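The values are calculated or read from the model by the stated rules, or taken from the named source; none is laboratory data. The structure displayed is predicted, hence computed values, not measured ones. Cβ placement follows ideal geometry from the backbone for every residue including glycine, while neighbour counts extend to all protein chains displayed.
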Amino acid sequence: MMTVLQAVGVLPFLLLAALVAGLALAPAMSAYHSMQGFMACWPTGWHYAGTGIAMALSYMVYGFSLILIAPLFNLLLGGRLVPWRGKQISPGALRWYVHATMTLLPRLSFLDFISATPYINLYYRLMGMKIGHNVTINTTAIADPSLIELGDKVTLGGSCSLLAHYAQGGYLVIAPVKIGAGATIGLRAIVMGGVTIGEKAKILAGSFVLPKTEIPAGETWGGIPATKVELH
């Protein structure tokens, strides 16, 4: 019974993803047709090369449109998260599903191309993430951005994961993640919901920070689960 409910319940969010992707594709299609018209009289060889370039540029138009349209729908549909605990299949979880849809769609179709650039910071800011100055985001594995706060000069290493949620006792728990100024999250490290990381702290590559962990300023943590590492 639960499987049927899950299968039916996910359909509105798949349709929402299709709607947002379609709206982002509209300017991309317009750009492609304009470039095709410009190349109509080109010789065959040049026309093929031009068509390939036009398709690639149109994809970029789609991507940049998407990182503006998805946050807009997230805002209009009430997708900004608040701390919450409840059953994953319940009306109270709808806000989380909207937010997850508007996060996953750009992540799976475009964000890798703008990782570690100011454009990915712009997208996450529009999704509600609090981001300080000179922050480097070299990852797209971020869930629940509207409950994540990054202080000034934070560095998120390649493919690290930030998730402001976790499962506990059969319930979904949505809890903020706060990373203090100057902190570094290493390559492929995982930080779960409810975690607070102090200023200039370091999480070593490949580490797993359990939910509700509090890491004091200046400390280095590593391992699975992550614990304090004594430096000599």
Positions within the stretch 125-160 being surrounded by fewer than 18 Cβ atoms within 10 Å (Cβ to Cβ) and of a type in the set (Ser, Thr, Tyr), in sequence order: Thr136, Ser159
Of everything in the stretch 176-201, what is among the charged types (D, E, K, R) and closer than 13 Å to Ser159 by Cα? Give them in sequence order. Arg188
For the stretch 191-232, give me each residue that is in a strand (DSSP E or B) and of a type in the set (Asp, Glu). Glu214
Hey, Thr140 of a type outside the set (Asp, Glu), modelled with pLDDT of 95 or more and in a loop (DSSP other than H, G, I, E, B) or not: yes
Output for Cβ contacts, cut-off 7 Å, separation at least six or different chains, first residue closer than 14 Å to Thr140 by Cα in the stretch 93-108, second modelled with pLDDT of 95 or more and of a type in the set (Phe, Trp, Tyr), reads Met102/Phe73; Pro106/Tyr123
One residue is enough: does the stretch 150-173 have a residue meeting the conditions over 29 Å from Gly22 (Cβ atoms), in a strand (DSSP E or B) and of a type in the set (Asp, Glu)? no
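This table checks each residue for (1) closer than 21 Å to Val177 by Cα; (2) outside any helix (DSSP H, G or I).
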position	(1), (2)
Leu14	no, no
Leu23	no, no
Cys41	no, yes
Gly52	no, no
Leu72	no, no
Leu75	yes, no
Val98	yes, no
Leu108	no, no
Can you confirm whether the stretch 50-61 contains a residue that is under 27 Å from Gly132 (Cβ atoms) and loosely packed, with under 15 Cβ neighbours inside 10 Å? no
If only one of Leu104, Leu72, Leu76, Leu111 is under 22 Å from Ala24 (Cα atoms), more than 17 Å from the chain's Cα centre (by Cα) and either modelled with pLDDT of 95 or more or surrounded by 15 or more Cβ atoms within 10 Å (Cβ to Cβ) (or both), which one is it? Leu76
